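Working notes, structure below.
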Amino acid sequence: MEQKNNHFIEEIIEQDIREGKHGGRIHTRFPPEPNGYLHIGHAKSICLNFGLTQKYNGKTNLRFDDTNPVTEDVEFVESIQEDIKWLGFDWEDRLYYASDYFPQLYEFALQLIKEGKAYVDDLNSEEVAALKGSPTEPGKPSPYRDRTVEENLKLFQEMKEGKYKEGEKTLRAKIDLASPNMHMRDPILYRILFTPHHRTGTQWCIYPMYDFAHGQSDAIEGITHSICTLEFENHRPLYDWFIHELKLFPSRQIEFARLNLSYTVMSKRKLLQLVKENIVSSWDDPRMPSIAGFRRRGYTPESIRNFATMVGVARRENVIDLSLLEFAIRDDLNKKATRVMVVLHPILLKIINLPEDHREDLEIDNNPEDETAGKHIMSFSNMCYIESEDFMMQPPPKYHRLSPGEMVRLKGAYIVKCESVELNTDGSIKTILCSYVANSKSGNDQSGIKVKSVIHWVDAKSCSDAEVRLYDRLFRVEDPNDQQGDFKDYINPDSLITIPNAKIENFLKTDTAIGKSYQFLRHGYFCMDRDSSEAKVVFNKTVGLKDSYQKSNAKN
RNA sequence: UGACCUAUGGUGUAACGGUAGCACACCGGAUUUUGAUUCCGUUUGUUAAGGUUCGAAUCCUUAUAGGUCAACCA
């Protein structure tokens, strides 16, 4: 899916190339914190960063911004790498960690102290906050702001040696307490933390703040275009201050608007809450907007990359319609997915003018969109299951499916006519009794009969059972963040409906592998879930087919 | 009521002072052995008011609305 017009970041890059900035070199990075799984918003950023360097022949680093050992974990380091690879991007040999730079960052801190531009503060967090002022009032200096260089050097050394407790001391930059930008009011550079780090263990007990690590990490790696989301815009003057004071490589930070998707939440905190409180089964629950969730749901990397292109890159806040993502996956799977027949809510149909022992093999197209996809065999007898909603005793107007006296085609098989029904004692339908039109065989129809509808079916004598999990949007409201009360009050109670005994054609039992996508004819796209076993196959609904009949019904 | 940022159909996103276009959604129609796909078409928009200009979505001013910032989180 090519985009014709450049977005604003491409414009900046092309101008830099024209002007020969950094010798025309383009180098970006994707800098996740390993404290959760990646979500679709990260996917946008990954596609942006790696996509840009593919387009302009540059390089993209993967760098873990792991400056807070309290929340970070190797589980996330691993899942993040897996998700980026799955999306189809490669950082080659450029896997870095901000923690790799701890020694150098420490030297940077010493440099600032020696120049009188940083000081050790004894105030606790409440006291610091109290003196910081507010956006409309200037801050006040800490009583420790004017310590001598020697004293600061000694105290910072002692902080590093573990002589002080967590929270007892911090290192702060000495910038401007009256700045209208709160980030310039003597930001904290280092804090004391005794939690072991997932990579450096107990080697350090002082850790740089993100603001003191991120920009310098970019500079160390020679990142030319440091792309991040809008909320870091106010931090840029601080990063530029560090670059200037420490005389570092001048990476240029460019901010863009993060992705928001309707009917879901995107904050890591809220996603973590859904997992921790068992509202979803795991980080890769198919209802989660995590990359792992979409993967398990049956989304393809191509569809997500196309989606990322279609949403565009700009600087205004946005909420993308879920329907655009659904379009992207339907568009991709329509071209790729093998068509099979699965009956979700079966009702028995018996063909009365066929012998009890009739058996016939029919050839079914694997994909009418792809001539090279071939065919598969489906067996046919005098008994089959059809979808219960494809039959009505008293059909409403414009109902094209089966009802008494009416004809439909069984997809890939014959035209059948409903002659009567057999009822259970409670009045419900036990069996639909039909005659079939012998010379109407699919592909060789001599009957001349035109039917209004073609319905799917499976052979009742050879089909198997499968569990089918029908997924729908996780939230009932478009913007769960913008509601009264807790966002969890707006969970869609029907976001998962499990059908324990759907009827699947035999081919599907033997052909499938975990993660493989199919189109269940007239239903939607499904893929085999990792919960499948020999005894029971499980399918996840990726997305439904568009359904103009249901839509017109909903209107009436 | 501080600083910074943003404002184009329902949702996104283009138009680089010169015909407001594209995608999704929506609504019609054609085709169809998936009420799918495909194809065709309709409707819908420059936040407001001034200014500059032959000409403004675009430049300037003001207003309005929204976002970000006062973690020892990132």
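The values are calculated or read from the model by the stated rules, or taken from the named source; none is laboratory data. Predicted model, so just to flag it, every value in this text is computed and none were measured. Quick reminder, even Gly has a Cβ in these numbers, built from the backbone with ideal geometry, and neighbours come from all protein chains shown.
Details
- Among the residues listed as A:Leu62, A:Leu48, the single one being at pLDDT 95 or above, over 26 Å from A:Phe102 (Cβ atoms) and among the aliphatic types (A, V, I, L, M): A:Leu48
- Conditions (1) loosely packed, with under 15 Cβ neighbours inside 10 Å; (2) not in a helix (DSSP H, G or I): number failed by A:Glu126: (2)
- Going through (1) closer than 21 Å to A:Lys268 by Cβ; (2) exposed (fewer than 14 other Cβ atoms within 10 Å of the Cβ); (3) in contact with a helix residue (DSSP H, G or I) (Cβ under 9 Å, 6 or more places away or on another chain) one by one, A:Glu78 falls short only on (3).
- Strands (runs of 3 or more DSSP E) contained entirely in the stretch A:279-382, each with at least 2 residues that are at pLDDT 95 or above and closer than 26 Å to A:Thr498 by Cβ: A:338-340, A:346-351
- Filtering A:Gly167, A:Gly162, A:Gly133 for residues that are assigned by TED's automatic domain parsing to the domain that holds A:Glu231, in contact with a Ser or Thr (Cβ under 7 Å, 6 or more places away or on another chain) and at positive phi leaves a single hit, A:Gly167.
- Strands (runs of 3 or more DSSP E) wholly inside the stretch A:149-255 that include at least 2 residues being aliphatic (A, V, I, L, M), under 30 Å from A:Ile17 (Cα atoms) and touching a residue at least 24 places away in the same chain (Cβ under 8 Å): none
- Condition check for A:Asp479: away from RNA strand B (no atom under 16 Å from the Cβ) and over 18 Å from A:Val408 (Cβ atoms): no
- Among the residues listed as A:Thr202, A:Thr229, A:Thr195, A:Thr224, the single one being among the β-branched types (Val, Ile, Thr), near RNA strand B (Cβ under 9 Å from one of its atoms) and at pLDDT 95 or above: A:Thr229
- Any hit, the stretch A:31-45, residues being within 16 Å of RNA strand B (Cβ to nearest atom), crowded, with 19+ Cβ neighbours inside 10 Å and over 20 Å from the mean Cα position of the chain (by Cα): no
- Test: A:Tyr399 is among the aromatic types (Phe, Trp, Tyr) and assigned to a loop (DSSP other than H, G, I, E, B): yes
- Check on A:Asp390, buried (at least 20 other Cβ atoms within 10 Å of the Cβ), in the same structural domain as A:Leu349 (by TED's automatic domain parsing) and among the acidic types (Asp, Glu): yes
- From the list A:Ser462, A:Ser447, the lone residue that is within 30 Å of A:Thr510 (Cα to Cα), in a loop (DSSP other than H, G, I, E, B) and of a type in the set (Ser, Thr, Tyr) is A:Ser462.
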